[in-house]
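Single-structure report; data block below.
Here, each number is a calculation from the coordinates, and none is a lab measurement. Bear in mind that the values here come from a model prediction, so they are computed numbers and not experimental data. Note that each Cβ is placed from the backbone with ideal geometry, even for glycine, and that neighbours are counted across all protein chains shown.
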Amino acid sequence: MYLFTCVLISTLSLSQNTIFGKVIEENNNALAYVEIKNQKASKTFFTDVNGNFKINEEGIYMFTKAGYKTTSIQLFFGKSYNIKLLLNPSQLNEVIVTSSLIPQTLKTLPTTTHIILRKDINLNNNTNINTTLNTIPGVFMQSGALNTNRITIRGIGARNLFGTSKIRAYFKDIPLTNGSGETNIEDFELGAISRIEIRKGATSSTYGAGLGGTITLFPETSNFNKKTINNQLTIGSFGLIKNLTSLNYHTKKQSLNVVYSNTHSNGFRDNNTYNRQAFLLHTNHSINNKNHVSFLGSYVNLKAFIPSSLNETNYENTPKMADFNWNNAKGFEDSKRGIFGVSWEHNYNNKLKQNTSIFSSFRSAFEPRPFNILKENTFAYGARTRLTNNLKLFKKPLSWTLGGEYFKDIYTYKTFENLYEDFPPETGSVQGNLLANFEENRSYFNIFFEVNYKPTTNTTIIIGSNLNKTSYTLYDNFTASAENPDQSGKFKYKTIISPKFGISHQATKNFNIYSNISHGFSPLSLNETLLPNGLINTDLNPETGWNFETGIRATSTNNKLQLNIAIYRLSLKNLLVAQRTSEDQFIGINAGKTQHNGLETSINYHIISNKKINLRSSINASLTNYKFKHFIDNTNNYSGNKVTGVPLNTINANTSFNIPYGIYGNINFLHVGKIPITDANNLFSKPYNLTNTKIGFKKKLNKNIKTNLFIGINNIFDVKYASQILINASSFGGNAPRYYYPGNPVNFYSGFNLNYTF
């Protein structure tokens, strides 16, 4: 008993004379090897590989790490701290890339990765994410309306007629890509996103080896020991009204971030009204030094009318009009979407860490269209877990991660007759008889591993692989007949293994060269596998491809100039082509191979950077040579033609500034080259140039209240352009094909932001 009492007293005494804590970055990931320096005693400590530290002396300490802003905090005995370091935009190459699972700085990655920070999003309008994404070379987002978008990365996804596919997306660790490989990120509130990481090409084995790449969104988090309420009102052209309110609360043990937004727009075109309410809740809880739990919840309620695409005559002469049939049917999308997830991080020791997430999502939608009325519901659930370890191999650092992901969604949909033509035009859509009733059970699992090894101080090697198994089951719940055969059936892919290998070498302190080889694939959807007779085409194969890439990252000695250049070749086989059999029916066939050769460059220059003035300029460019290497569609041979739906080149130039008295601004220029509209290459869109600008004034009224007043102009020179192209559009009933979504003419927005800290 005496011995136990002595041990207990000794333990309590030690804890009372010790300071424990953890250093994290904006997305609550641990920061290793952060320098912790006592300002008076000049004693220095460092965090371990999991960001933890232990200090035996009270005082004011400076926390310093390359790529992050230095923070000073007073620490006291007997307390535990969670300390957050904010990113330093002028040292992005030093920033830890969090979507890689194994901690790496951006400059040492053997892949092309881009980071979009909160401040980059704020430089543009806060209503549509396309302006921000189009600043990234190799990434192109077309936007026919706020709810009609398509994202392509290095040309992948361009053949998808409606929406984004063949690109993986995650909201932190929660998949945003459904069981058919389709992704929707534009519904998410931009004000709730702190950071976006984009990996291009099939290089991310830990995130499903998507053909085009991976987009990872990270939710906004609050600063250390701060409690803030933020409100922003934006008004603009075409009846735009947006109100955004957020609450941030961060203590030593937990943080809370709540965001609500309400967006309304009448739209530039007829039948173009848009309404969206979005809510996000994100919490983090530090149970102790070894266990951390976070919760993420998002809900979006959207109702958006659809003007659809126009033929060339109407596009040139009356771009404001909606398509005749869509306007008469008053076609719209009414959807509700929710995503929920819980994540647990456990540190077994200072080398071994486990991250586990369980998640669920739902989507309910109602969409009256001229050709039918669609009702659909999706419920998904799954789990994702990984182990990460740090050790030594031949006395050199080696990190590995091993994990798995399981995902299942149940998708039910019904179509009904739309009888709008039997009623007066002002009536809109009228539901008729049931036409189809399906249920799809879609599931996959990924097993992945990745090894990061540094055989020398300046060389990093990454080896990884992803094993995927995908299966579909289709239930046809419609009464079978000669006209409507029973389409029930099962479809299973063969197991797909996608390896990758990458190497990065830091030749000098300011010059890095990297190269990688990787494999990826894109799953089929059940709609693409159905034949006209109702049977499932089991002979179809998923699109697969190999990505070959090399590039350099260089900075000037004073870190003012940053240069990134990448050259790549992406070779695809089993190209999936959608052959149209009616206005609303397609069948898929494997028709050939494509080869995507490209050059991407990004230059960032801090012209002036001091306490009073910050002037930064950047230019990003993509040059593409994407061709059908072998492509035979029915009797048509398109081999050698340019790949459809992808600009031949894009250039984005941006200049931003901050000057005294709280004045800031940004001007952005985007050039989009001509786009092949048809596989035959007998029709191209016209190239266009867009210029946008935003200027604002920030003022700190007192220690608690900050204000921000801003105004912006999009498409300053009122350029007529097609903001989205519908490739290979067919003509029905003698009407001309509808290829074009007209872009918005010159438009304005302004807003006021009030931030209160307490």
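If you add up the charges near Y605, with Lys and Arg at +1 and Asp and Glu at -1, over every other residue whose beta carbon is less than 13 angstrom from its beta carbon, what do you get?
Local charge sum for Y605: +2.
Show the residues, 5+ positions off or on another chain, whose built amide H is closer than 5 Å to the amide H of T112.
K200
Per residue of the chain, what 222 nm ellipticity follows from adding -39500 (n - 2.57) for every DSSP H run with n ≥ 4, rounded to the nearest 500?
Computed mean residue ellipticity for the chain: -1500 deg cm²/dmol.
Karplus couplings for the stretch 558-575 from phi (6.51 cos²θ - 1.76 cosθ + 1.60, θ = phi - 60°), rounded to Hz, Gly and Pro as x?
Once θ is set to phi - 60°, the couplings for the stretch 558-575 become 8, 6, 7, 10, 10, 10, 10, 9, 9, 10, 9, 9, 10, 10, 10, 10, 6, 3 Hz.
If you find the alpha carbon centre of the stretch 115-181 and of the stretch 412-453, how far apart are they in angstrom?
One Cα centre to the other: 22 Å.
Name the long-range amide H neighbours of L561: under 5 Å, sequence gap of 5 or more, or other chain; modelled H, no Pro or chain starts.
Counting only residues 5 or more places away or on other chains, the set is S556, H606.
Ordered by residue, what ³J(HN,Hα) values in Hz, to whole numbers, does the stretch 293-303 give under the Karplus form 6.51 cos²θ - 1.76 cosθ + 1.60, where θ = phi - 60° and Gly and Pro are x?
10, 9, 10, 9, x, 9, 9, 10, 10, 10, 9
Using θ = phi - 60° and the Karplus relation 6.51 cos²θ - 1.76 cosθ + 1.60, list the HN-Hα couplings for the stretch 369-375 in order, rounded to whole Hz, with x at every Gly or Pro.
Along the stretch 369-375, the couplings run 10, x, 8, 5, 10, 10, 10 Hz.
Based on the alpha-carbon gyration tensor of the chain and its eigenvalue square roots a ≥ b ≥ c, which shape applies: rounded if a/c is under 1.5, prolate if not and a/b is larger than b/c, or oblate?
It comes out prolate by the Cα gyration axes.
Loop sites only, by DSSP: take the GluC sites (Glu not before Pro) in the chain that have at most 13 other C-beta atoms within 10 Å and name the longest stretch containing none of them.
1-482
How far is helix 2-16 tilted off the main Cα axis of the chain, in degrees rounded to 10, range 0 to 90?
70
May I ask for the distance between the Cα centers of the stretch 331-401 and the stretch 466-520, given as a whole number of Å?
The stretch 331-401 and the stretch 466-520 have Cα centres spaced 16 Å from each other.
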